[in-house]
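Peer 1: Okay, here's the structure, questions in a sec.
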Amino acid sequence: MAFTDFMAAALYEPALGYYARGTRQLGRGGDFFTSVSVGPLFGHLLARRFLRHWHETGQPPRWRIIECGAHDGTLAADVLAALEGLDATAFAALEYAIPEPLPALQAAQREILRNFAGRVRFLTHPAGLAAEPLPGIAFGNEVLDALPCHLVEWQGGGWREVRVALDNADQLVFQLTEIHDAALRAALEPLGRDFPAGYRTELRTSYRDFLAPLARALRGGLMIWVDYGFPREDYYQPDRTRGTLRTFSKHRAGEDPLERPGEADITAHVDFTAVAEAAQALGGAPAPLRHQGSWLTEVGREWLLEMEGKPRPAELRQFQTLMHPAHLGGSFHVLEILWPGE
């Protein structure tokens with residue numbers, strides 16, 4: 001099978017997939033650490049960015065925030081609590097939509113967000129929002145890196161697809177094959193041809209399909225994607241011979257996604273150039289890519305000014321972790337995409 005299909009099953013198969021197993025993956029006691037794990041400040045700063053957009057678009061009487069990859073609902077709770085405290089009018093006008101196909105995760109979200117039940121709409125896919133598009137925002141934190149990717153390898157002066165097969169002992173192995181997928185061939189064209197033999201990397205052909213239903217659910221608005229990755233020219237460097245595909249379990253990175261499928265996270269960096277191109281093809285206008293640290297510093301300027309003379313040490317420690325180049329601030333990028341209204 002194509003690696004995209006293998007990765008999709010290993011992560012999202014309802015009975016056996018990694019994300020279908022519950023919500024214990026995040027935080028210091030889980031498998032990986034995210035900006036949400038730092039504390040509620042990340043959600044608070046996102047809420048400030050969302051409110052700024054609401055004001056900039058004329059304070060519509062009804063607006064929508066769509067969170068993709070909401071996991072157990074912790075980030076949604078942080079954002080909603082901040083919105084309620086910052087602007088009661090905006091909060092009362094809001095529909096916070098969470099598309100989540102996995103029943104275990106949606107159950108966890110409903111429990112954590114039970115105090116915000118009147119503001120939250122749960123559904124299995126964002127296509128369900130297209131019948132009544134609203135102005136607003138779609139966003140996700142570490143979502144794009146979990147979209148299934150293709151694996152390819154440069155051999156004999158050309159690309160070969162790396163697929164998953166069973167050997168004679170019924171063990172999962174990688175197998176090089178000709179590339180028959182037209183979308184994959186097209187996605188490889190911008191990479192060029194200057195790669196060493198055995199150079200293996202990953203790329204996604206699904207960004208447009210991922211963004212399209214979200215765009216249809218918004219009547220103009222903004223998308224914000226926070227993730228680790230690179231622009232294309234930095235991603236596909238000839239000396240990055242094994243790509244960025246990794247597994248994570250108990251905060252330890254691994255390089256064999258075929259080992260214990262369904263028991264570890266599988267992830268690969270984001271080609272933000274490809275995301276921007278997919279958005280442009282749908283009518284979006286991407287802003288320049290930013291490091292999380294500089295983006296949060298700009299978003300949090302008013303918050304920082306409010307603390308002059310009365311600092312809150314716990315929140316400042318969270319902010320330092322979120323924005324410092326040696327911590328999360330340098331590891332993650334933020335891509336904003338503006339979508340035209342009617």
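Peer 1: Can you divide the C-alpha Rg of the chain by 2.2 N^0.38 Å and report the result to two decimal places? Please list the in-between numbers first.
Peer 2: Values: Rg = 20.4 Å, N = 342, 2.2 N^0.38 = 20.2 Å.
For the chain, the normalised Cα radius of gyration comes out at 1.01.
Peer 1: Another question, then. Divide by every residue of the chain the summed helix terms, -39500 (n - 2.57) for each DSSP H run of at least 4, and state the resulting mean residue ellipticity at 222 nm, rounded to the nearest 500 deg cm²/dmol.
Peer 2: It comes out at -9500 deg cm²/dmol, rounded to the nearest 500.
Peer 1: Does anyone have the angle between helix 3-12 and the longest principal axis of the chain? Alpha-carbon axes, 0 to 90°, nearest 10?
Peer 2: Helix 3-12 and the main axis of the chain meet at about 40 degrees.
Peer 1: Still on this structure, please answer the following. Taking Cα centroids, how far is the stretch 91-154 from the stretch 223-297 in Å?
Peer 2: What the calculation gives is 20 Å, centre to centre.
Peer 1: Would you grab the residues whose amide H sits under 5 Å from the one on Glu13? Only those 5+ places off in sequence or on another chain, please, with H modelled 1.01 Å from N.
Peer 2: Tyr18
Peer 1: Please state the shape class of the stretch 222-308: rounded when a/c is under 1.5, otherwise prolate if a/b exceeds b/c and oblate if not, all from the C-alpha gyration tensor.
Peer 2: Since a/c reaches 1.5 but b/c is at least a/b, the shape of the stretch 222-308 is classed as oblate.
Peer 1: What's the Kirkwood radius of the stretch 97-139 in Å, using all Cα pairs?
Peer 2: 11.2 Å
Peer 1: Out of the DSSP beta bridges found with both residues in the stretch 218-342, what percent are antiparallel (nearest 5)?
Peer 2: Given both bridge residues lie in the stretch 218-342, the antiparallel proportion sits at roughly 90 percent.
Peer 1: OK, next. If you line up the Cα atoms of the stretch 163-212 on their principal axes, what length do they span on each, largest first, in Å?
Peer 2: 41, 31, 16
Peer 1: Would you calculate the separation in nanometres between label points at Asp239 and Asn168, each defined as 7 Å from the Cα along the Cα-to-beta-carbon direction?
Peer 2: Each label point is offset 7 Å from its Cα along the Cβ direction, giving 4.2 nm.
Peer 1: If I fit a long axis through the Cα atoms of helix 41-56 and take the longest principal axis of the Cα atoms of the chain, what angle between them do I get, 0 to 90°, rounded to 10?
Peer 2: Once rounded, the angle reads 70 degrees.
Peer 1: Considering only DSSP beta bridges with both partners in the chain, what is the antiparallel share in %, to the nearest 5?
Peer 2: Around 60 percent of the beta bridges assigned by DSSP in the chain are antiparallel ones.
Peer 1: Further question: For Arg121, what residues show an amide H to amide H distance below 5 Å, using hydrogens built from the backbone and excluding near sequence neighbours?
Peer 2: Tyr96, Ala97, Ile98
Peer 1: Bin by bin, in steps of 5 Å, what percent of the Cα pairs in the stretch 161-319 do you find, going until the bin that has the longest distance?
Peer 2: Taking all Cα pairs of the stretch 161-319, the binned fractions are 1, 6, 12, 14, 15, 15, 13, 10, 6, 4, 2, 1, 0, 0 percent.
Peer 1: Place the peptides 275-286, 302-313, 34-45, 184-195 in order of packing, highest mean first, counting for every residue the other Cβ atoms within 10 Å and averaging per peptide.
Peer 2: 34-45, 275-286, 184-195, 302-313
Peer 1: Please list, in order along the stretch 70-77, the HN-Hα scalar couplings obtained from phi with the Karplus expression 6.51 cos²θ - 1.76 cosθ + 1.60 (θ = phi - 60°), rounded to whole Hz, x for Gly and Pro.
Peer 2: Once θ is set to phi - 60°, the couplings for the stretch 70-77 become 6, 6, 8, x, 4, 5, 4, 5 Hz.
Only the coordinates and a few stated rules stand behind these numbers; no lab work does. The structure displayed is predicted, hence computed values, not measured ones. No Cβ is skipped: glycine too gets one built from the backbone with ideal geometry, and neighbour counts run over all protein chains shown.
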